[in-house]
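Presented below is the structure to which this report refers.
Nothing in this text is a laboratory measurement; each read-out follows from the coordinates by a stated rule. What you are looking at is a predicted structure, and each value in this text was computed from that prediction instead of being measured. Here Cβ is always computed from backbone atoms with ideal geometry, including for glycine, and neighbour counts include all displayed protein chains.
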Amino acid sequence: MLLARFDQPLLDLPREERVRLLGGKGDGLMRMAGELALPVPPGFILTTRACALYLERGWSDELEARLREGMAWLEQATGRRFGARTGVSERAFEGTSTGAGAGPTPLLVSVRSGAPVSMPGMLDTLLNVGLDEQTTAAFARESPGLAQACRARLDASFRELVGSPPPAEVWGQLRSAVEAVFRSARSPRALAYRRREGLPGDALTAVNVQTMVFGNHDARSATGVFFTRDPSTGEARPFGDVLFEAQGEDVVSGRHATLPYDALASRLPEVARALDELGRRLERAYRDLCEIEFTIESGRLWLLQVRVGKRSPRAALRIASELALDPAFPLERAEAVARVAKLLAPPPVETRLRAPMGAASAPAPIARGLGASPGIASGEIATTVAGAVARAGEGHAVVLVRPETSPEDVEGMGVAAGLLTARGGLASHAAVVARGWGIPAVVGLEALAIDDEGITIAGHRLAVGSAVTIDGSAGAVFAGALEVERETVPEAARLLEWARELGIALGGDDDGARAGLGEREKAREDAAEAGPGSSAAPSQSADASPGSVAVTSADAIDEAILRVLAIKGSATRDALVAAVGLGVDPDQLAARIEQQLAAGDLVPAKPIGLRLGELARSRAQALLASDRERLGAAAAEAVLVSFQALDARMKEAVTDWQLRLDGAERVPNDHTDARWDASVLERLRELVADAERWLADPATRLPRLRCYAERLGRALAAALAGDARFIASPRVDSLHGVWFELHEDLIRLAGSDRAKELAAGRAG
């Protein structure tokens, strides 16, 4: 089957086969439009078999026939015509009461991907297909501004996704759009995603061709995403984002400030009530929290997509227990427990400061900075990396206190229970690394002064080795060690009781047993399993790619290792392979690492990994001086200055990935807002492309700088393929890690350092 219409009854196939044919989005649309009779704009699906046919043979007469068959039905269903035809009167553009709107509007369609397995951000979409010179004029008779905006969006999306302006003739537009979506199934980013997810290499996509409805039509129009329950807390209340007088892609792009769902209830209460009711129906049909994309055109509600929504771990527990407690809801307790079994082993806990004996409440903090990474940590004050490593090695909890952190501090950060810095913001090295490792952190504490003997905070003197407590959620700092209370979250307690009653074993697999571990604990556990100096990071391809710098001689490999560790401070073997291994034989690289260890150029770092020995540090300094001379002092300074605009964009994007906006406040991003995450990923994609172009010029003077473009591209591909670690996790060669090393490299090449750059307002 190459074609399926939304109005057809669901195919008599098992759901797995149906989704494989129609794609997840298409299956949801057919279910809503057919089985549930919900308001869905008419449309049809070119199935994954059509995609396979196209990728095998190109555009064929058979595909053309199916496309025209679908459009003929769509014209009949809407009472509109696709394109301006010779001898057809203006009446041909008028809608009927059975269509998705009325008036002289021509038939415009969206062309959207729909893979069997969700591939967020991997495949392409084009809107407003069908606007040629004549149809734009006809559209403009109803709304000139809307027609102009839709035409501009069509032009921009064609140039971006197809690589050329839209064809002048509407059938050429439609065919080109369908082909672009089919081709995106074999794009590098889609193939990388499939490899990462273990999907078949020949996995395909369906194409959904659907009547356009316009959330930017007038003041009673809007677009948005609606959750049947709060995906952060699990509370049974409507939740979502809405954007008035906008199209769906505006919500995803992140370039517009969306409004909370309550704004819809205030402005269009009758539509909000209808959406609430439809959400309840879909929740029962899918037996779970539903995420629904919708558009409102002139007060009329249309549903564009439905899927089971992502939710935070805490919300998952609450939703599972509350749905199973509802006797009218089709979810049994055994299934509810099974859904969240991995979250119950070990059960999640809440933490809060405990008041000292005899006190009504915990003591007041002595100062407040920026809460950069949530959690509470108490430990001995250490103001140097060596001091932190030594005390942690003796079994003591340590809070590392620094003016700011850089890659050279990573060894101490890796053993610390918490981090406290005097400078830096939410996008600083300390903040990003702490969040990636799950270490509580307070940064930007301006009242903090550090010397060899200890620290002074707002007039309070604390010696090295004395205790301090930090609250990385509130940004609070307390003198002394404070106790923390931990208790199982209530939702987990109920589900654990059900599991015991039903005899359901929890934590029987490794993933379930590790579900409650933080990022740093997982890293340490994986490292321990892999052996000293190893890492849990996935192996990285060492194949050279076009433009990469092949490092083949032993001396060149040794120099590359020295440069990397001079900037990183310490790294695991796998991290060295990721940073050095472009064009290097892995066995040759491993051999050079072992020889440098034997010679004392490399020494073990704590808790894991390797760092430079004293003599090797001197050699690394000599290499830096040689590179600086080759680049030239004036050029190095100019490169560093021109880097600042790019650096600001990276800091903003990584911060937004780790901390999203909740109203006016920053909260840890639990990644339940798919549109927020998609907008950040798109910004990162654009930034890496800009950075690669920017690096081309300095790399002509210093070719080794090309490796940063290679590493950024590799990290971006992994992130777009769904592996979020490659955005900011210190465990892998992530975008933030590579970017920070590039910045550090440029600072050193310019003869500067982090302290000077911070003082100049150019780092943090």
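Extent of segment 678-731 along its three principal axes (Cα atoms, max minus min coordinate, largest first): 35, 24, 15 Å. Our Cα-only numbers for segment 449-506 put the radius of gyration and Dmax at 20.5, 59 Å. If R0 is taken as 35 Å, the Cβ-Cβ distance between Asp61 and Arg159 corresponds to a FRET efficiency of 0.75. First check a/c for segment 615-756, with a ≥ b ≥ c the square roots of the eigenvalues of its C-alpha gyration tensor; if it is under 1.5, answer rounded, and if not, answer prolate when a/b is larger than b/c or oblate otherwise. Since a/c reaches 1.5 and a/b is larger than b/c, the shape of segment 615-756 is classed as prolate. Shown for Ile376, Ile319, Ile504: other C-beta atoms within 10 Å of each C-beta, ranked fewest to most, produce the order Ile504, Ile376, Ile319.
A crude spin-label estimate for the pair Ala591 and Ser187, with each label 7 Å from Cα along the Cβ direction, gives 4.2 nm.
When you have a sec, figure out the Kirkwood radius of the chain from all distinct Cα pair distances and drop it here in Å to one decimal?
28.7
A Förster distance of 51 Å, applied to the separation of the beta-carbon atoms of Arg701 and Met1, puts the FRET efficiency at 0.30. Taken about its Cα centre, the chain carries a charge dipole of roughly 640 debye when the Cβ of each Lys and Arg holds +1 and the Cβ of each Asp and Glu holds -1.
Ranking of Ser143, Ser729 by neighbouring Cβ atoms within 10 Å, starting from the fewest: Ser143, Ser729. With only the Cα atoms considered, segment 702-751 has a convex hull volume of 57 Å³ per residue. Each of Lys651, Lys342 was scored by other Cβ atoms within 10 Å of its Cβ. Listed from fewest to most, they are Lys342, Lys651. In the chain, a dipole from Cβ-located charges (positive for Lys and Arg, negative for Asp and Glu) runs towards its positive end, and of Ala364, Pro604, Val213 it is Val213 whose Cα lies farthest in that direction.
Taking 0.36 nm per intervening residue step and subtracting the Cα-Cα distance, what contour gain separates Leu13 from Ala474 on full extension? Kindly include the intermediate steps, with their values, before the conclusion.
Working: separation 461, 0.36 × 461 = 165.96 nm, distance 5.32 nm.
Working it through step by step, the gained length comes to 160.6 nm.
Ranked highest first by the average count of other Cβ atoms within 10 Å around their residues, in what order do 15-23, 693-701 fall? Walk me through the numbers before you get to the answer.
Working: 15-23: 18.8, 693-701: 15.1.
Output ranking for 15-23, 693-701: 15-23, 693-701.
In deg cm²/dmol, rounded to 500, what helix-only [θ] at 222 nm does the chain give when every DSSP H run of at least 4 residues adds -39500 (n - 2.57) and the total is split over its residues? Rounded to the nearest 500, it is -14000 deg cm²/dmol.
Dividing the mean sequence gap of close Cα pairs (under 8 Å, 6+ apart) by how many residues the chain holds gives a relative contact order of 10 percent.
Backbone N atoms of segment 281-296 closer than 20 Å to the 7 Å Cα→Cβ label point of Arg267 belong to residues 292-296. Overall shape: oblate for segment 1-91, with the ratio a/c of the largest to smallest alpha carbon gyration tensor axis at 1.5 or above and b/c at least equal to a/b.
Could you calculate the FRET efficiency of Arg354 with Glu277 from 1/(1 + (r/R0)^6), where r is the beta carbon distance between them and R0 is 35 Å, rounded to 0.05? Please report the intermediate quantities before stating the final value.
Numbers: r = 46 Å, r/R0 = 1.31.
After rounding, the FRET efficiency stands at 0.15.
Per residue, the convex hull around the alpha carbon atoms of segment 222-309 comes to 88 Å³. Each label was represented as a point 7 Å from its Cα along the Cα-to-Cβ direction; for Val603 and Ala458 these points are 4.0 nm apart.
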